[in-house]
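K.L.:
Quick one: the structure is below, and I'll ask about it shortly.
The values are calculated or read from the model by the stated rules, or taken from the named source; none is laboratory data. Treat the numbers as computed from the prediction; the structure is a model and nothing was measured. Don't worry about glycine lacking a Cβ; one is built from the backbone with ideal geometry, like all the others, and counts go over all protein chains shown.
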Amino acid sequence: MIQYENTVPGIFVRRVNRFVAEVLIDGNKEQVHVKNTGRLQELLVPGAKVTLQKASDPKRKTAHDLISVYKPGVKWVNIDSLVPNELMKRYLMSLNFDVVRPEYTYGDSRFDFYMESQGEKYLTEVKGCTLAADLERGIGLFPDAPTERGVKHLKELAAAAKEGYHCQIAFVIQMNGIHTVYPNDDTQPEFRQALERAIKAGVQAACYICHVEADSIRMTGQAQMRSV
């Protein structure tokens, strides 16, 4: 589990740019750092409750990081873009691989994790999901904005799988009540096409389910995607 310290509540006012938002803290308007460059249009709406973490560096321009947003239906949504990789790292370390190495270059891409076990080679690319689509069926969507990098990663994973690597794309779901991730065709149909080709090439697609509170997130389960 990731537990945040030194957190305070706030009310979202507006997003200034990809990295900065205005938030009311104790009734005072402050600029805070947004720890996610995605669009987050369905989450960052005026009046939304948010959780902020006080920055450890007193010299920083913004004194707080925006880490979670309250959305009716799913409750708290973690928007810290560093969280999926940290949760996945902890999970992989628990599996007793001989090697777990972050930021591994293969072909023209850099993947989040490279692992080895008994001479076998593994690659894992991690994607965070914060977009809920169907709460009744527990479906989320990825991506929430076009990602040419994501399409490229899938093509490289497919190539690596054909060369004998055990490859996985891991969707870490940063919200409650969502257990399956589908490609977001409205945003980028090319991602679905690349994902379908990757799965046919032997790439495993997995969804990692999480429980999210205002100041914490923990991984609770896993589901394999057989098709998209």
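K.L.:
Show me the strands (runs of 3 or more DSSP E) entirely contained within the stretch 36-125 in which 2 or more residues are without any contact (Cβ under 8 Å) to a residue 60 or more places away in the chain. Lay out the reasoning, then the answer.
P.N.:
Working: elements: 49-54, 64-71, 75-78, 99-106, 109-117.
Those strands (runs of 3 or more DSSP E) span 49-54, 64-71, 99-106, 109-117.
K.L.:
Okay, next question. Between a residue in the stretch 136-149 that is of a type in the set (Asp, Glu) and any residue that is surrounded by fewer than 18 Cβ atoms within 10 Å (Cβ to Cβ), which pairs come within a Cβ distance under 6 Å, given they are 6 or more apart or on different chains?
P.N.:
Asp144/Arg39
K.L.:
Now, a different point. Scan the stretch 58-87 for residues that are farther than 21 Å from Pro9 by Cβ and surrounded by 23 or more Cβ atoms within 10 Å (Cβ to Cβ) and jot them down.
P.N.:
Passing the criteria: Pro84, Leu87.
K.L.:
Being surrounded by fewer than 20 Cβ atoms within 10 Å (Cβ to Cβ) and closer than 22 Å to Ile79 by Cα, is that true of even one residue in the stretch 154-172?
P.N.:
No, the stretch 154-172 contains no residue that is surrounded by fewer than 20 Cβ atoms within 10 Å (Cβ to Cβ) and closer than 22 Å to Ile79 by Cα.
K.L.:
If you don't mind, another one. Run down Arg197, Arg149, Arg218, Arg192 and say which single residue is in contact with a Leu (Cβ under 9 Å, 6 or more places away or on another chain), among the charged types (D, E, K, R) and not in a strand (DSSP E or B).
P.N.:
Working: Arg149 fails: in contact with a Leu (Cβ under 9 Å, 6 or more places away or on another chain); Arg218 fails: not in a strand (DSSP E or B); Arg192 fails: in contact with a Leu (Cβ under 9 Å, 6 or more places away or on another chain).
Exactly one of Arg197, Arg149, Arg218, Arg192 is in contact with a Leu (Cβ under 9 Å, 6 or more places away or on another chain), among the charged types (D, E, K, R) and not in a strand (DSSP E or B), namely Arg197.
K.L.:
Quick check: is even one residue across the stretch 119-136 within 20 Å of Leu43 (Cα to Cα), over 20 Å from the mean Cα position of the chain (by Cα) and not hydroxyl-bearing (Ser, Thr, Tyr)? Outline the logic, then answer.
P.N.:
Start the filter on the stretch 119-136 by keeping residues that are within 20 Å of Leu43 (Cα to Cα), which leaves 127-136.
Of the ones still in play, those that are also over 20 Å from the mean Cα position of the chain (by Cα) are 136.
Checking the rest, the ones that are also not hydroxyl-bearing (Ser, Thr, Tyr) come to 136.
Within the stretch 119-136, one or more residues are within 20 Å of Leu43 (Cα to Cα), over 20 Å from the mean Cα position of the chain (by Cα) and not hydroxyl-bearing (Ser, Thr, Tyr).
K.L.:
Based on this model, can you work out whether Gln168 counts as of a type in the set (S, T, N, Q), in a strand (DSSP E or B) and assigned by TED's automatic domain parsing to the domain that holds Glu116?
P.N.:
Working: of a type in the set (S, T, N, Q): yes; in a strand (DSSP E or B): yes; assigned by TED's automatic domain parsing to the domain that holds Glu116: yes.
Yes, satisfied.
K.L.:
Give the residue that is surrounded by the most Cβ atoms within 10 Å (Cβ to Cβ), with candidates limited to residues of the stretch 1-16 that are in contact (Cβ under 8 Å) with a residue 40 or more places away in the chain and not aliphatic (A, V, I, L, M).
P.N.:
If we filter the stretch 1-16 for residues that are in contact (Cβ under 8 Å) with a residue 40 or more places away in the chain, which is where we start, we get 1-10, 12.
Still in the list and also not aliphatic (A, V, I, L, M): 3-7, 9-10, 12.
Details: Gln3: 10, Tyr4: 20, Glu5: 8, Asn6: 11, Thr7: 18, Pro9: 15, Gly10: 23, Phe12: 21.
Only one residue fits best here, namely Gly10.
K.L.:
Only residues that are modelled with pLDDT of 95 or more, hydroxyl-bearing (Ser, Thr, Tyr) and under 20 Å from the mean Cα position of the chain (by Cα): list them for the stretch 21-74, please.
P.N.:
Thr51, Ser68, Tyr70, listed by residue number.
K.L.:
Could you list all residues from the stretch 34-51 that are of a type in the set (Gly, Ala, Ser) and either surrounded by 14 or more Cβ atoms within 10 Å (Cβ to Cβ) or within 13 Å of Leu131 (Cα to Cα) (or both)? Please lay out each step first, then the result.
P.N.:
Our first condition is that a residue be of a type in the set (Gly, Ala, Ser); within the stretch 34-51, this holds for 38, 47-48.
Within the stretch 34-51, Gly38, Ala48 meet the criteria.
K.L.:
Please state which of the following conditions Val13 fails to meet, knowing it meets all the rest: (1) of a type outside the set (Gly, Ala, Ser); (2) within 22 Å of Val212 (Cα to Cα); (3) in contact with a Leu (Cβ under 8 Å, 6 or more places away or on another chain); (4) part of a strand (DSSP E or B).
P.N.:
Only one criterion in (1) of a type outside the set (Gly, Ala, Ser); (2) within 22 Å of Val212 (Cα to Cα); (3) in contact with a Leu (Cβ under 8 Å, 6 or more places away or on another chain); (4) part of a strand (DSSP E or B) is unmet by Val13, namely (2).
K.L.:
Restricting to the stretch 128-146, name every residue that is surrounded by fewer than 18 Cβ atoms within 10 Å (Cβ to Cβ), of a type outside the set (A, V, I, L, M) and in a strand (DSSP E or B).
P.N.:
Selection gives Asp134 alone.
K.L.:
Which of (1) within 23 Å of Leu40 (Cβ to Cβ); (2) in contact (Cβ under 8 Å) with a residue 40 or more places away in the chain; (3) part of a strand (DSSP E or B); (4) not β-branched (Val, Ile, Thr) is the odd one out, the single condition His211 does not satisfy?
P.N.:
(2)
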